[in-house]
Amino acid sequence: MLEILLFGYLITCVSGQGGADVVLSCSLVEEGSGMGGMGGGALFSRTPATLVLRDLAVTPDLSPDTLTPFNPPAVPDPNNIILEAKVESPEIPEADLLLHADCNEQEVTCEISRYFPRNAKEGSTEPAYFIGSLQIEGGELSLTLVLQTRPLDQSDRPALMQSKLELPLSQSGTLLTEVVFLVFSRSESHSAPLGGMALLDCGFRQQAPSPGRELGLEWRLQHRGSGRKVLEIRAGQTETEEGPAVHVEREGSSVDAALLVGQGNASLTLARLKVSDEGTYICTVSTGLYQAQQVIQLHVTQPPHVSLSEEKLVFRDELPQKLSCHCKNYYPLDVQMEWFSVSSTDSEPSILSDQVSLSSHRQHSDRTMSISSHLTLHPSTFPPGTTVTCRVTHTTLDTPLSLSLTVETPEPDSYWMVLGFLVITVLFFYQVMK
């Protein structure tokens, strides 16, 4: 099957009638042409293309006077690929992020392919559909749009045909479409603490639903090559006596069915997070002919608990002493442990790399990790007044965590103190008894 994709990253804001237009510079990628590449893979051809999102709602802080109107080519060219997507109902949420992306020097990527609706009439070619994916750099907004071609006015006929897509163009040489369905997320990545709660953002917008159309939502988790269903909801799109059918696979997961039907809020709540909840979550919304999805990454975290094996650092009998730094119950795995020392005469701490050993990682039943670092101290190298520090760096810590001990002067041996006390006591009683 021939698949056509649009990839884009350049964005320009221009004024439109009653709103603003966002112009994306893209390239058309056609899969399946050619004899195949190395290893039998298909070749790809790329052709310049343009995607125009028409009439986005203008926020009060964005003056239309600062925008330049979009002007199609003066002479229509059937080889040019210009998709005009009318955005009125449904509206794109957080559209101001798209409008400000160029000013904020944020890259917007675009990928569009031909789309074939579910249960569409077999052999039907009108209207044609596209599905597009837009991501703003930094993960602030991700959109999946279903575009449907709009019929041309009688004044536009006979129409030019786009040479690659084989679809009729308007008199200005553009392919007229409108957004009929979209699924979005305002956070492509989310971090939450072990044992805590996570809210994964997902929502949808659509044109007025047809009576009797079923609304479906499925959340799935993919991680390290395996996947499982988390939650599924089937509901009507109008108020009925019969409520939605909710099937929960992961205990503690929930979606507000009323908000899903009434406001298009498909966000997933996960309570009592475990390490096994980490991975790629896929939010798939289906309604009538259309189905689209968003992908959100969930990272489960647990900061380390750090402790030292000794409360005091004192050398006895001039023998070496081992000091251990324990880093316990952290996640994810990556952790860095370092030793430093600074004496009373030093101005800067010194990194200790000799006489340092590291244990192997230990995994607990909750899949958190522990590790220990051991430092051997010699009296000649660490005189009294020297401060020894263990520093731990982990992704969950805003700044490294440090624990320190200072080498203390050894106290007089208690054996000689007791012996001296006994001698004095004996002499005292001897004098009394005389």
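The values are calculated or read from the model by the stated rules, or taken from the named source; none is laboratory data. None of these values were measured; they are calculated from a predicted model. Every residue, glycine as well, gets a Cβ built from its backbone with ideal geometry; the counts of neighbours run over all protein chains shown. Heads up: the accessible areas ignore ligands, DNA and RNA and are worked out on the full protein's heavy atoms, side chains in. Shrake-Rupley method; radii C 1.70, N 1.55, O 1.52, S 1.80 Å.
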Meets criteria (loosely packed, with under 14 Cβ neighbours inside 10 Å and within 26 Å of the chain's Cα centre (by Cα)) for R272: yes
Residue under evaluation E278, criteria (1) open to solvent by 10 Å² or more (accessible area, probe 1.4 Å); (2) out of contact with any Phe, Trp or Tyr (no Cβ under 9 Å at 6 or more places or on another chain), criterion not met: (2)
G264 being open to solvent by less than 20 Å² (accessible area, probe 1.4 Å) and not acidic (D, E): yes
Residue ID - surrounded by the fewest Cβ atoms within 10 Å (Cβ to Cβ), chosen from residues in region 343-367 that are without any contact (Cβ under 8 Å) to a residue 40 or more places away in the chain and closer than 30 Å to E278 by Cα: S365
Residue in region 407-418 that is in a strand (DSSP E or B), modelled with pLDDT under 95 and farther than 30 Å from L194 by Cα present: yes
In region 360-394, the residues that are in contact with a His (Cβ under 9 Å, 6 or more places away or on another chain) and hydroxyl-bearing (S, T, Y): S370, S372, S373
Count of region 387-399 residues which are in contact (Cβ under 8 Å) with a residue 24 or more places away in the chain and either more than 20 Å from S357 (Cβ to Cβ) or of a type outside the set (V, I, T) (or both): 7
Evaluation of T287 against (1) touching a strand residue (DSSP E or B) at 6+ places or on another chain (Cβ under 7 Å); (2) under 19 Å from T144 (Cα atoms); (3) of a type in the set (S, T, N, Q); (4) surrounded by fewer than 17 Cβ atoms within 10 Å (Cβ to Cβ) (one fails), failing number: (4)
Matching option when the condition is within 30 Å of G139 (Cβ to Cβ) and in contact with a Lys or Arg (Cβ under 9 Å, 6 or more places away or on another chain), among M369, M337: M369
Residues located in region 158-171, provided they are touching a helix residue (DSSP H, G or I) at 6+ places or on another chain (Cβ under 9 Å) and polar (S, T, N, Q): S170, Q171
Complete set of residues in region 97-107 that are open to solvent by 50 Å² or more (accessible area, probe 1.4 Å) and either on the phi < 0 side of the Ramachandran plot or touching a strand residue (DSSP E or B) at 6+ places or on another chain (Cβ under 8 Å) (or both): D102, C103, N104, E107
Complete set of residues in region 291-300 that are open to solvent by less than 70 Å² (accessible area, probe 1.4 Å) and touching a His at 6+ places or on another chain (Cβ under 9 Å): I296, Q297, L298
Residue check for S370: of a type in the set (G, A, S), out of contact with any helix residue (DSSP H, G or I) (no Cβ under 7 Å at 6 or more places or on another chain), at negative phi and open to solvent by less than 20 Å² (accessible area, probe 1.4 Å): yes
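Yes/no per residue for (1) at pLDDT 95 or above; (2) in contact with a Ser or Thr (Cβ under 9 Å, 6 or more places away or on another chain); (3) polar (S, T, N, Q):
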{"position": "S254", "(1), (2), (3)": "yes, yes, yes"}
{"position": "L273", "(1), (2), (3)": "yes, no, no"}
{"position": "L308", "(1), (2), (3)": "yes, yes, no"}
{"position": "L319", "(1), (2), (3)": "no, no, no"}
{"position": "S324", "(1), (2), (3)": "yes, yes, yes"}
Matching strands (runs of 3 or more DSSP E) fully within region 1-90 where at least 1 residues are in contact with a Pro (Cβ under 7 Å, 6 or more places away or on another chain) and modelled with pLDDT under 70: 3-16
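One line per residue, one yes/no per condition, for (1) at pLDDT 90 or above; (2) in contact with an Asp or Glu (Cβ under 7 Å, 6 or more places away or on another chain):
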position	(1), (2)
E105	no, no
R114	no, yes
G123	no, no
E137	no, yes
S142	yes, yes
T177	yes, yes
Residue list for region 303-342, restricted to those being within 30 Å of E188 (Cα to Cα) and open to solvent by less than 50 Å² (accessible area, probe 1.4 Å): P304, Y330, Y331, P332, V335
Out of T399, T393, sole residue that is hydroxyl-bearing (S, T, Y), at pLDDT 95 or above, in a strand (DSSP E or B) and open to solvent by 30 Å² or more (accessible area, probe 1.4 Å): T393
